[in-house]
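First up is the structure itself, then whatever we jot down about it.
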Amino acid sequence: MKQVSRETMEYDVVIVGAGPAGLAAAIRLKQLDADCQVVVLEKGSEVGAHILSGAVLDPCGLDTLIPDWKDKGAPVTVAVKEDNFYMLGEAGQVRIPNFPMPPLMSNHGNYIVSMGNVCRWMAEQAEGLGVDIFPGMSVSELVYAEDGSVKGVVAGEFGKNPDGSQSEAYEPGMELHGKYVFLGEGVRGSLAQQVISKFDLSKGHEPQKYGLGMKEIWEIDPAKHVEGRVTHTMGWPLGKNAGGGSFIYHLENNQVYVGFVVHLNYKNPHLFPYMEFQRFKHHPMVADLLEGGKRVAYGARAISEGGYQSMPKMVAPGVALLGCSVGMVNVPRIKGNHNAILSGKAAAEAAFAAIQAGRSGDELSEYEAEVRNGAIGKDLKTVRNVKPLWSKYGLVASLVVGGLDMWTNTFGVSLMGTLKHGKTDAAATEIADRHKVIEYPKPDGKLSFDRLTNVAFSFTNHEENQPAHLTLKDVSEPVKINLPKFGGPAARYCPAGVYEFVEEEGKAPRFIINFQNCVHCKTCDIKDPGQNIVWTTPQGGDGPNYPNM
Amino acid sequence: MKVLVPVKRVIDYNVKVRVKADGSGVDLANVKMSMNPFDEISVEQAIRLKEAGQVDEIVVVSIGVKQAQETLRTALAMGADRAILVVATDDLHNDIEPLAVAKILKAIVDEEKPGLVLTGKQAIDNDMNATGQMLSALLGWSQATFASEVEIAGDKAKVSREVDGGMQTIEVTMPTVITVDLRLNEPRYASLPNIMKAKKKQMDEKTPANYGVDVTNRLEIVKTVEPAERAAGIKVASVDELVAKLKEAGAV
Ligand SMILES: Cc1cc2nc3c(=O)[nH]c(=O)nc-3n(C[C@H](O)[C@H](O)[C@H](O)COP(=O)(O)OP(=O)(O)OC[C@H]3O[C@@H](n4cnc5c(N)ncnc54)[C@H](O)[C@@H]3O)c2cc1C
Ligand SMILES: Cc1cc2nc3c(=O)[nH]c(=O)nc-3n(C[C@H](O)[C@H](O)[C@H](O)COP(=O)(O)OP(=O)(O)OC[C@H]3O[C@@H](n4cnc5c(N)ncnc54)[C@H](O)[C@@H]3O)c2cc1C
Ligand code: SF4
């Protein structure tokens with residue numbers, strides 16, 4: 001193979017990922033020092049192309065970062081006007097009125113937004129301040145200094161053949177060096193995973209927990225549309241098979257976001273999260289709303305759910321993890337964007353002070369202290385027991401107990417101390433024979449859609465002539481272990497239908513990876529029973545092209 | 001020789017287009033836009049001609065909304081030398097018609113005096129397949145459309161064209177307008193170092209008034225409809241069943 005030589009560029013801070021965390025950090029650095037050299041690299045074809053969130057935004061993060069965001073035209077305009085929570089039974093629904101819910105579950109003062117559009121707007125603000133933002137550039141590697149600290153990244157490598165060799169069109173990309181590198185890759189970041197493992201950052205913390213969030217944008221009958229309405233449900237169709245629930249947000253232009261989250265600690269490997277989502281839309285309450293409407297877009301993304309006790313150490317020499325690369329989602333509120341923004345701001349402030357003091361390449365421990373003890377820590381500590389309770393006692397009981405714990409926590413004391421999560425989501429998967437196969441109704445093509453049809457509405461694409469970005473540590477494991485023991489769960493947990501087991505008579509079963517369909521949700525990297533699948537970055541610009549997700 | 005390459009910002013080819021509720025056209029709000037794929041091919045061809053020493057300057061032009069500057073930056077990052085942005089509208093749903101575009105391009109040709117104009121054979125948004133031809137008529141230049149091979153020698157260009165059922169090779173006299181087809185070349189990646197350098201390349205911003213062209217639309221779009229949805233497929237168990245089904249459907 002040809003020796004790769006790369007051009008190098010020096011920055012003060014190199015930021016991976018143009019999500020709310022990375023962009024907030026870039027903006028704050030420039031606010032503090034207009035001469036600070038800041039670069040943001042984003043694998044999506046444009047900023048926002050890979051952003052998928054709910055989203056009901058708590059503006060507390062934006063308020064501190066850009067206090068005049070309203071005047072600056074932030075696409076944050078649809079105030080939440082109505083907030084409903086339902087426990088669904090198969091036929092009917094029980095409405096839990098708002099008042100018994102603890103105060104922090106109320107969405108008063110929040111906004112229904114497209115985080116994709118919010119990120120596009122934040123990117124404009126950042127560019128206006130002089131930040132260099134390069135979308136369509138995957139960051140595929142970290143670069144280490146001789147002392148073992150992180151000194152930069154490799155971005156923008158293109159044109160490898162499927163076997164890894166260099167094609168005629170090969171572009172080696174560039175090395176971008178910084179005094180500090182920020183990883184704002186979002187949930188289950190591929191480089192963040194490497195840093196966590198290399199520097200053993202999870203030691204002494206609970207394992208991170210995840211959910212799989214799937215989402216569709218619908219254009220519905222204007223007569224049924226109530227701008228500003230927020231609805232959450234739990235219960236049917238998941239029942240006892242898995243934890244999770246749905247969200248339905250009415251944004252502007254007669255559009256609604258319909259989303260469904262399945263906690264990935266489910267035990268029954270026959271569970272098919274995507275089909276649970278499709279089935280959910282046939283509940284009379286949802287079907288009535290969507291009838292006559294049109295599905296405009298589809299996507300999926302994992303969501304971090306471990307909360308306070310699962311946050312790993314977030315700094316190592318030369319590098320800091322931001323936002324959901326740490327895991328800062330407040331689970332009962334299903335909100336992480338405000339904390340992502342606050343973490344970006346805190347990291348920027350720590351880096352600014354360090355650079356002023358002549359430091360570089362060391363640990364920004366001031367950042368970590370601010371996250372744990374400041375606004376983010378407070379937000380997450382209050383609700384730290386909700387998720388373990390869900391896992392332990394099931395839904396209804398934990399709503400009561402968890403609700404109580406949140407009530408008391410609001411006043412600064414918890415009845416329960418801090419509960420543990422236990423196993424990783426991968427290890428939670430149990431042997432197929434111990435569980436019932438679940439029969440799912442066939443999608444009707446109107447309210448529900450087969451997986452491949454829906455994936456086309458993520459507008460995803462990957463250059464075919466490149467190595468598969470979904471790699472197997474042991475290529476024989478899917479067929480030798482996962483298929484016989486777990487019934488081949490990859491064929492079901494992937495919301496984009498990337499994995500297939502092909503079983504033909506007289507031939508050994510084969511495991512196929514249709515990587516072109518991947519929507520970068522990271523579920524396979526999380527849920528594969530043997531943690532045998534490693535998600536790496538494909539060429540920049542590949543992956544979904546989400547509109548206003 | 002200088003070469004002029006017009007590049008259009010269009011809806012990205014990965015996006016499934018959706019007609020606006022009132023049928024007036026395709027909904028472009030929140031939609032990913034990119035350089036028209038045929039225009040990437042013409043930019044690539046211009047760069048190859050420059051690398052071969054036959055061209056010394058590549059000027060790219062885009063006419064439309066201000067955001068078309070991203071499209072021009074991509075062309076500059078691929079290897080074009082200089083860009084002209086003609087901001088003709090601020091409404092992203094207003095597609096400037098081929099005749100107006102051709103008139104502006106003619107005015108730019110008069111100013112810049114290129115020896116060659118390379119356009120895409122069509123834009124994948126409205127499939128007009130007209131701009132290059134109109135420009136050639138306005139200029140009184142020769143034209144070679146649907147090029148899948150281009151060879152320039154002295155004041156002649158030899159162009160192979162993809163036509164129904166085969167290939168045709170023609171020779172035209174320079175200066176000329178060539179519209180390029182899909183198989184002419186494989187466009188290169190805009191590399192990160194080149195994208196950085198492209199930020200420093202010259203981009204002039206103009207308006208149609210600078211060229212004395214009226215860009216008011218003359219065509220009226222009566223209706224836009226989406227193709228009928230495809231019926232769900234079925235799985236067949238054997239070749240015999242497949243053949244039977246095809247016969248049933250009258251396909252064989
Ligand atoms: C279904 C769902 C619903 C949610 N609902 C809400 C809600 O209602 N309210 C709320 O506040 N929060 C919600 N969240 C959580 C919220 O979306 C996250 O907390 C938030 O996105 C975290 O922001 P981030 O900047 O850390 O990461 P992200 O938003 O994930 O952004 C990371 C960016 O980095 C890029 N990137 C990653 N790796 C690389 C690489 N190696 N090279 C280059 N680029 C890279 C990605 O493409 C992406 O653009 C929801 C999440 C999900 C999945
Ligand atoms: C820049 C650009 C220019 C273009 N110009 C032209 C042009 O000039 N002329 C033209 O004709 N087209 C043009 N196209 C369209 C393009 O050529 C089409 O994508 C192509 O014709 C589709 O063929 P395919 O087999 O590659 O596509 P696919 O989408 O892969 O397949 C098409 C058909 O195959 C079926 N199929 C796919 N997978 C399977 C499977 N596993 N089993 C059974 N059936 C399957 C699908 O149902 C579908 O109907 C252009 C596209 C672009 C982006
Ligand atoms: S392959 Fe993995 S990351 Fe890609 S869509 Fe499927 S589960 Fe998500």
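Only the coordinates and a few stated rules stand behind these numbers; no lab work does. If you're wondering where the values come from, they're calculated on a predicted model, not measured in any experiment. Methodologically, a virtual Cβ is constructed for each residue, glycine included, from the backbone with ideal geometry; neighbour enumeration extends over all protein chains shown.
Of all aspartates and glutamates in the structure, those lying under 18 Å Cα to Cα from B:Lys235, and not within fewer than 8 positions of it along the same chain, are A:Asp444, A:Asp450, A:Glu500, A:Glu503, A:Glu504, A:Glu505, B:Glu248. Short-range pairs are left out: with C-alpha atoms under 8 Å and at least six residues apart, the relative contact order of region A:435-541 is 32 percent. Centre-to-centre, using Cα atoms only, region A:193-251 and region A:458-510 are separated by 25 Å.
Distances between placed amide hydrogens fall under 5 Å for A:Val78 paired with A:Ile112, all partners being 5 or more residues away or on another chain. A straight Cα-to-Cα reach below 13 Å connects A:Lys160 with the aspartates and glutamates A:Glu168, A:Glu171, A:Glu463, A:Glu464, residues fewer than 8 places away in its own chain not being considered.
Where a ≥ b ≥ c are the square roots of the eigenvalues of the C-alpha gyration tensor, would you call region A:452-515 rounded, which needs a/c under 1.5, or, failing that, prolate if a/b is larger than b/c, or oblate? Verdict is prolate for region A:452-515.
Over chain B, DSSP H runs of length four or greater, each weighted -39,500 (n - 2.57), average out per residue to a 222 nm ellipticity of -8000 deg cm²/dmol. Once you reduce region B:182-252 and region B:55-70 to the center of their Cα atoms, the two points are 20 Å from each other. Taking amide hydrogens as placed 1.01 Å from N in the peptide plane, the amide H of B:Lys206 sits under 5 Å from those of B:Leu85, B:Val86, B:Val87, each at least 5 positions away in sequence or on another chain.
For the protein assembly as shown, the Cβ-based charge dipole about the Cα centre amounts to some 2060 debye (Lys, Arg positive; Asp, Glu negative; other atoms uncharged). Report summary: the helix-based calculation at 222 nm, which adds -39500 (n - 2.57) for every DSSP H run with n ≥ 4 and divides by the residues of chain A, gives -7000 deg cm²/dmol. Using θ = phi - 60° in the Karplus curve 6.51 cos²θ - 1.76 cosθ + 1.60, the 3J(HN,Hα) couplings for region A:71-81 round to 5, 7, x, 4, x, 10, 10, 9, 6, 5, 10 Hz; x is entered for Gly and Pro.
Per residue, the average separation of C-alpha pairs within less than 8 Å and at least 6 apart gives chain A a relative contact order of 21 percent.
When you restrict to C-alpha pairs under 8 Å that are six or more residues apart and normalise by the size of region A:1-69, the relative contact order lands at 30 percent.
Cross-link partners of B:Lys223 among lysines, defined as those whose alpha carbon lies under 16 angstrom from its own and excluding same-chain residues fewer than eight positions apart: B:Lys20. Shape class of chain A from the alpha-carbon gyration tensor: rounded, with the ratio a/c of largest to smallest axis under 1.5. For the residue pairs A:Lys72/B:Lys66; A:Lys442/B:Lys32; A:Lys30/A:Lys378, the alpha carbons lie more than 21 Å apart in A:Lys442/B:Lys32; A:Lys30/A:Lys378.
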